[in-house]
1. Within the range 30-100, which trypsin sites (Lys or Arg not before Pro) sit in a loop by DSSP and count at most 14 neighbouring Cβ atoms inside 10 Å?
2. For the range 31-112, which chymotrypsin sites (Phe, Trp or Tyr not before Pro) are in a loop by DSSP, counting at most 14 other Cβ atoms within 10 Å?
3. Let me cross-check GLU21: its accessible surface, 1.4 Å probe, with only protein heavy atoms counted, in Å² to the nearest 10?
4. At R0 = 41 Å, how high is the FRET efficiency between GLU106 and ASP126 if r is their beta carbon distance? Nearest 0.05 is fine.
5. Expressed as a whole percentage, what fraction of the accessible surface of the chain belongs to carbon and sulfur atoms when a 1.4 Å probe is rolled over the protein heavy atoms?
6. Report the accessible area of THR62, computed with a 1.4 Å probe over the heavy atoms of all protein chains in place, in Å² rounded to the nearest 10.
7. Simple spin-label model, 7 Å along Cα-to-Cβ: THR36 to GLU114 in nm?
8. Could you work out how much longer the chain between ARG98 and GLN77 gets when fully extended? Use 0.36 nm per residue separation minus the Cα distance between them, nm to one decimal.
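The values are calculated or read from the model by the stated rules, or taken from the named source; none is laboratory data. Keep in mind the model is a prediction, meaning the values are calculated, not measured. A quick note on method: Cβ atoms are made from the backbone with ideal geometry, for glycine too, and the neighbour counts reach across all protein chains shown. What goes into the accessible areas is simple: the full protein's heavy atoms, side chains included, and nothing from ligands, DNA or RNA. Shrake-Rupley method; radii C 1.70, N 1.55, O 1.52, S 1.80 Å.
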Amino acid sequence: MDRMLGTAVAKAGQSKAAMEEIGEMLVSSTVERFDTSTAPDGTSWPVSQRAEEEGGKTLVDTGRMRGSIGYEASPGQIVVGSNLVYSRIHQLGGETGRGHAVTLPERPYLGISEEDIKEARAILADHLIGILGGSK
């Protein structure tokens, strides 16, 4: 059914608008993860040393990374991410540092939750209904 909806929207030439709406929704969902300190699968991020010491939130010091989340949409796909160099190490974890190694745990903020999937399906369905001239 999902494939059929996606194909119908694409064939009708309206898929970029649907993909842009889904992109905006995914950016909003991703930004919300910085507020809740949770991964797309609902698990909590490990608390950072800075957040623990200062009583702040993990991955939210200056808000620069949270503010850098954006998307690009085309008729066939959506890409959501950050253009900041250090965003990858926070997503995937790993070792970093100059002169001394620091190991950072992964704190996935990018990804699609079950709720995101439901909302994307609803957006596609709404666009298809609009194309077909129907009403909900």
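1. Working: sites: ARG33, ARG50, LYS57, ARG64, ARG66, ARG88, ARG98; in loops: ARG98.
Taking the range 30-100 and a limit of 14 other Cβ atoms within 10 Å, the loop trypsin sites (Lys or Arg not before Pro) found are ARG98.
2. Working: sites: PHE34, TYR71, TYR86, TYR109; in loops: TYR86, TYR109.
Here the sparse-neighbourhood loop sites are TYR86.
3. 80
4. Details: r = 34 Å, r/R0 = 0.84.
Step by step, r from the Cβ atoms, then E = 0.75.
5. Details: 4380 of 8610 Å².
Answer for the chain: carbon and sulfur cover 51 percent of the accessible area.
6. Surface open to solvent at THR62 totals about 120 Å².
7. 1.2
8. On the way: separation 21, 0.36 × 21 = 7.56 nm, distance 3.72 nm.
Length gained, ARG98 through GLN77: 3.8 nm.
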